[in-house]
Structure formats: structure tokens, C-alpha cells
Amino acid sequence: MPEKWTNWARNQSSNPHNIFKPNSEGEISEIISLGVAERVKVRPIGNGHSFSSIGLTDGFLVSMDSMDRIISIDREKLQVTVGAGITIADLNEELHKIGFALPNLGDIDAQSLAGAIATGTHGTGINFNSISSAVVGIRIATGDGSILDISESKNSEFLAPSKVSLGALGIITSVTLQCVPAFNLKILEFTAKLPEIISRFEFEESNADFVEFFWFPHTELAEIKICNKTASPSSRTNRVSRFVNDEVLRNFGFNLINKFWLQFPNSVNRSVKSLIKENARPERIDASYKVFCSKRRVKFLEMEYSVPREYLFDAFREVQSVIERLSFPVTFPVEIRTLCADDIPLSMASERETGFIAVHLYNRAESKNFFHDVEKVMRRFHGRPHWGKIHNLDSMTLANLYPRWNEFTEARQALDPDGHFTNPYLERVLGY
Ligand SMILES: Cc1cc2nc3c(=O)[nH]c(=O)nc-3n(C[C@H](O)[C@H](O)[C@H](O)COP(=O)(O)OP(=O)(O)OC[C@H]3O[C@@H](n4cnc5c(N)ncnc54)[C@H](O)[C@@H]3O)c2cc1C
């Protein structure tokens, strides 16, 4: 009886033929060869934190959980080589111990490193890039089971494509990351009227290191998060008040609101409005990775698109209109972030300065129509979908959105010409 696999948000599940947890590159090569011999597709998987069907397979699912160790450290170059299955949380702790850090991170740290880079997981910062940009080397088991070393000096034509690979080029076994010296961030967070938050965001975008904001639908309020690098030490925080804010209000209380929402969708607006007030949280200083990442315990569904930075607020206003027209309330905030352009073929920020708009719904809500309407807006602004989040685009449309698309398809032709790692999601977005 095949074992069932389900993602974090519980909106995707499959019954893989087998779930493998290899301990070595040798075992990975054997699994791939077995798949080829038995004509069973092989799919690498991380921690199941994608909302899209990117990880689904009825073939061999290969979890990299056991390959999660630090392999080597180059203190001179500030580089580490790590097993691809390490979680971002464990990686952050290990880096901190040796005085290193990643330059930028996303909202959470539960993903595996390989899963995070495979989908171009990102945070915010107009002068910064996604986690994938920190990759300077990769070892990957390709379609014929052989292991390929990829870096600037070896097989360099595959380096950029393999930084965001959707798991389509092979099974990444280890990753070499360019780190920076560990740093502290000072964080300022406050809630105010949306026009004030937007003008502060636009100011801080070029003045602060990292800035993002969250608009609370059906209200005129938004929360901004401004982070700056600082040489000052971590501040002493009131653990009780942080627990109340981060866990009781943002996770437990929020979960209750969403359960209530399912029962009484029309009365939840009032509850949300009465909970969200203009306020400022005390400034605090902490290690960068503790500031970038938070816990998200309430299960939700997410769609995120990137648009050219210059269209960010036009697209945002149209998303606001979509929400206003809905017949039910949206209880999750809309998140706005930015990123510098990069040179990775399938990155959401490939060759363009980028603004991100993310919309979320409780995972038990009916999301189809809402996401469909948001997607229509995004398409008008040349939006590119997050590979790990919900979207409906296909290869014909996607190919026109990425100037370096062919570089990726050529790499795939070379590394997995027969599509051993494919699944229905990849068939849709890549064409086979
Ligand atoms: C609560 C929450 C918050 C999030 N916040 C953010 C955010 O702030 N920013 C953002 O950009 N995204 C965010 N995401 C999305 C998430 O970062 C991505 O979907 C990411 O891919 C999940 O990592 P994972 O390890 O769970 O990968 P999975 O979902 O398990 O897999 C994703 C892809 O990675 C591939 N893959 C995994 N391991 C390997 C390997 N060893 N070799 C080759 N391919 C591999 C898989 O084949 C698949 O294609 C969030 C998701 C959740 C649930």
C-alpha cells in the first residue's frame, strides 16, 4: 500500500510508489537508476512547504532529510558546503556558531535548503537577492544517475540554471553558499494608515536595508517592518510580551479568528477591525536570522506574484479592488516586498528590479475564484508566479516572461533529457 504524502498547507497530496530517504550520493544514484529501469519517475522533495503541486508524484519521492550536515567550511572565503536537506533553521544556527550568516532570508525557516532555492525563496530588500543568489556551487544527481559538480570553475554553464531549478534538473545533494559575516538587525514595526505606510515604505526602500509591509484587507491599516544592520548588541526582550504578540495573537488568536470565519464569514470583519489598531512595537535588536524569520502556525494558502518594480503599486491597487468586490472577507494580510534584479533564468527577479504581492487565505477556505481574479491582475502587469505558490500559468505563457528561459531549458535538455524528474506540474510549466 503506497504511503501518502501531504504538504504543509494540506492542499496537495499524492501516493508515491515509494518514499526514499537516502543517506549518500551513492544511494541517490541507485534510486535514479532503479527509476529509469522500472520506468518510474523520480521526484526530490524538501519539507513540503510549497503550496503548488510542484512536489507531487506517484513515482519515487526522494526526501533529503538525512543529508543535512555541514560538509566543509572555508573561513577565508566565508563559504560553507552543506547537505541539501538541511533546514534553513538548522543552517542559520550552524552558520551563527561560526560567525557567518546568509545575506537575506524569507519569512520562515522551516524549508529545506534545496527546496528553498529550487523555488527561488526570497525575502525583501531592493539591494538584495533571494537565497538562491548566495549559491556558488551545487552537486546534483542527474537523469542518468551520475553526480555533477557545478560551480564557476566546473560545468559553469549549469550554475545559473541550477540556482532555481524546480527540482527539474536532478537531485541536489549538496550546496555551497557564499555567506557574509554574522550581523545584527534593528527592527522597527508599526501599524498605521495605509497611505502613511506606503510613503514610508517608498522612503525606506532606498534608505533602510530591508523593508516590507502588510495591508490588512477591509481596513485602512497596514503594518510596516523596517530592518537595518547595526553593530549594536542584541537587546534584552521581554519574553512574555513577545510570546503574547508572536504566539498568542499572531498564531493562536489568529487561528481562532479563522475558524470563526468559516462559521460566520460576515461577522469576522468586525472582529478583525477591532483587533488591528494603530500602534508601534518596541524596537529590538537581534541576530539577523531571528529577525527575518518567524513562526507561522496557522495553515493558509498563498499566491505570490512578482511584477516589475515600477508597476508594484498599480498592481497592488487592483488587488485591493479585487478584495473589495469579494463576497467574503479576507482575514490574512496582503504582503508587499521588493528585490534587486538577478541573473538566474527562472528567478522571479530575473533581469528586473522586482516588487512582490502575496495574497493568502485560510487553508480551509474556498480560494479558487479569489486567486483566479488576483492572477488576472498580475498577468496584466507581466507578473511571474512564485513556483512554490498557487498559480495556473503554463509553459507557453511563462516562456515569454523570462528573458533567459532558453538557458534553463537547454540545461534541462543536457541534464535530464528524458524527463526522469518530471511530474504533472513540471509538464505544465516547462512543457514536459
Ligand atoms: C508558512 C510559509 C511561509 C513561506 N514564506 C516564504 C517566503 O517568505 N518567501 C518565499 O519566497 N517563499 C515562502 N514560502 C514558500 C517556500 O519557501 C517554498 O515553497 C519552498 O520551496 C519550500 O521549501 P521546502 O523545503 O518545503 O520544499 P518543497 O516544497 O518540499 O519542494 C519544493 C521544490 O524543491 C524541489 N527540491 C526539494 N529538494 C530538492 C533537492 N534535493 N534537489 C532538487 N530539488 C529539490 C522539489 O522537487 C520541489 O520542486 C513559504 C511557505 C510557507 C508554507
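Treat segment 5-62 as a sphere of radius equal to its Kirkwood radius over Cα pairs and apply Stokes-Einstein at 25 °C in a medium of 0.890 mPa s; give the translational diffusion coefficient in µm²/s, rounded to a whole number. Could you put the intermediate results ahead of the total?
Values: Rh = 11.8 Å.
D = 209 µm²/s.
Between residue 180 and residue 276, with labels modelled 7 Å along Cα→Cβ, what's the label distance in nm to one decimal, could you check?
About 3.0 nm, to one decimal.
So what's the back-of-envelope 222 nm ellipticity for the chain, counting only DSSP H runs of four-plus at -39500 (n - 2.57) apiece and dividing by all residues, rounded to 500?
-8500 deg cm²/dmol
Fully extended, how many nm does the chain gain between residue 127 and residue 392 (0.36 nm per residue separation, minus their Cα-Cα distance)? Don't skip to the end; give the middle numbers.
Working: separation 265, 0.36 × 265 = 95.40 nm, distance 2.98 nm.
Roughly 92.4 nm would be gained on extension.
Using only the alpha carbons of the chain, determine the length spanned along each of the three principal axes and report them from longest to shortest in whole angstroms.
61, 49, 41
Need one number: convex hull volume per residue for segment 321-394, Cα atoms only, in Å³.
Cα-based convex hull of segment 321-394, divided per residue, equals 103 Å³.
Under 19 Å between alpha carbons, and skipping anything fewer than 8 positions from residue 277 in its own chain: which aspartates and glutamates qualify?
Reachable aspartates and glutamates: 189, 196, 212, 220, 223, 246, 247, 335.
Calculate the dipole size of the chain relative to its Cα centre from +1 charges on Lys and Arg beta carbons and -1 charges on Asp and Glu beta carbons; express the result in debye to the nearest 20.
Roughly 1460 debye for the chain.
Placing unit charges on C-beta atoms (Lys and Arg positive, Asp and Glu negative, everything else neutral), compute the dipole magnitude of segment 65-181 about its Cα centre in debye, rounded to 20.
Details: 7 positive and 13 negative charges, 40 e Å.
I would put it at about 200 debye.
So if I take the centroid of the Cα atoms in segment 371-395 and the same for segment 157-174, what is the distance between those two points in Å?
Here the answer is 23 Å between Cα centres.
In whole angstrom, how long is each semi-axis of the equivalent ellipsoid of segment 65-181, when you take the square root of 5 times every eigenvalue of its Cα gyration tensor and sort them from largest down?
Equivalent ellipsoid of segment 65-181: 21, 15, 14 Å, largest first.
What are the trypsin sites (Lys or Arg not before Pro) within segment 6-82 that DSSP puts in a loop, where the Cβ has at most 14 other Cβ atoms within 10 Å?
Those that pass, being in a loop and sparsely packed, are 10, 39, 69, 75, 77.
Among the listed pairs 295/376; 97/225; 77/229; 41/163; 295/389; 77/97, which have their C-alpha atoms separated by more than 24 angstrom in this model?
Flagged as over cut-off: 295/376; 97/225.
Between residue 353 and residue 432, 0.36 nm times their residue separation minus their Cα-Cα distance comes to what?
Once the chain is fully extended between residue 353 and residue 432, it gains 25.5 nm.
Put a dot 7 Å past each Cα toward the Cβ at residue 149 and residue 65; how far apart are the dots in nm?
Once both label points are built, they end up 3.1 nm from each other.
Bear in mind that the values in this text are calculations on the coordinates, not laboratory data. This one's a predicted model, so the numbers in the text were calculated from it and none came from an experiment. Here Cβ is always computed from backbone atoms with ideal geometry, including for glycine, and neighbour counts include all displayed protein chains.
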